[in-house]
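Working notes, beginning with the structure itself.
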Amino acid sequence: MIVRGKVIYPGVAKGKAVKCEKPVVILGDVDAKKGTVEGCGNVKNKILVFPRGAGSTVASYTIYALRYYNTAPAGIIVENAEPIVVAGSIIAEIPTVDGIDLSLIKSGMLVKIENDRVIIPD
């Protein structure tokens, strides 16, 4: 199945989905050195899927820190990207797509981002 969303940062990424059911408080939930999101798991080289981010503007740098520590997700799928996620995805150069119905994705699924398209197994 192919679902279209809005490109936040263009690119192609493929990996297993790590889905967070709740908004991610990026400054508090993300451990950039370990590449983990509390309650969701390890995101290194995977596709991070979550409804929206929360927190202060410093959280954008936490997303960048994932890139700096080489623990970044291969891509991000978000239902409702707010400015923190947008800025963080851009400065970290992580392919990110917004406006995707997350009920279509389960943790562990192999998903692919191709700019504004998300390819989900049927």
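Annotations
- Cβ-Cβ under 8 Å pairs, at least 6 apart or on other chains, segment 8-30 side within 19 Å of residue 91 (Cβ to Cβ), far side aromatic (Phe, Trp, Tyr) and assigned to a strand (DSSP E or B): 24/50
- Beta carbons closer than 6 Å, at least 6 apart along the sequence or on distinct chains, pair a first residue in segment 91-110 that is more than 13 Å from residue 17 (Cβ to Cβ) with a second that is surrounded by fewer than 14 Cβ atoms within 10 Å (Cβ to Cβ) for 98/6; 99/6.
- Total residues in segment 51-76, condition touching a Ser or Thr at 6+ places or on another chain (Cβ under 8 Å) and part of a helix (DSSP H, G or I): 1
- Filter result for the condition that a residue is modelled with pLDDT under 95 and under 26 Å from residue 116 (Cβ atoms), over 56, 60, 89: 60
- Failed criterion for residue 91 (all others in (1) within 28 Å of residue 1 (Cα to Cα); (2) touching a Phe, Trp or Tyr at 6+ places or on another chain (Cβ under 9 Å) hold): (1)
- Candidate set: segment 77-122, residues that are hydrophobic (A, V, I, L, M, F, W, C) and part of a loop (DSSP other than H, G, I, E, B); chosen: the one surrounded by the fewest Cβ atoms within 10 Å (Cβ to Cβ): 109
- Residue 51 meets all of the listed conditions (1) surrounded by fewer than 21 Cβ atoms within 10 Å (Cβ to Cβ); (2) modelled with pLDDT under 95 but one, namely (2).
- Count of residues meeting criterion [among the charged types (D, E, K, R), outside any loop (DSSP other than H, G, I, E, B) and under 17 Å from residue 69 (Cα atoms)] in segment 17-50: 2
- Candidate set: segment 71-84, residues that are modelled with pLDDT of 95 or more and within 20 Å of residue 36 (Cβ to Cβ); chosen: the one farthest from the chain's Cα centre (by Cα): 71
The values are calculated or read from the model by the stated rules, or taken from the named source; none is laboratory data. Note that this is a predicted model, so its numbers are computed, not measured. Note that we place each Cβ from the backbone using ideal geometry, even for glycine, and neighbour counts take in every protein chain shown.
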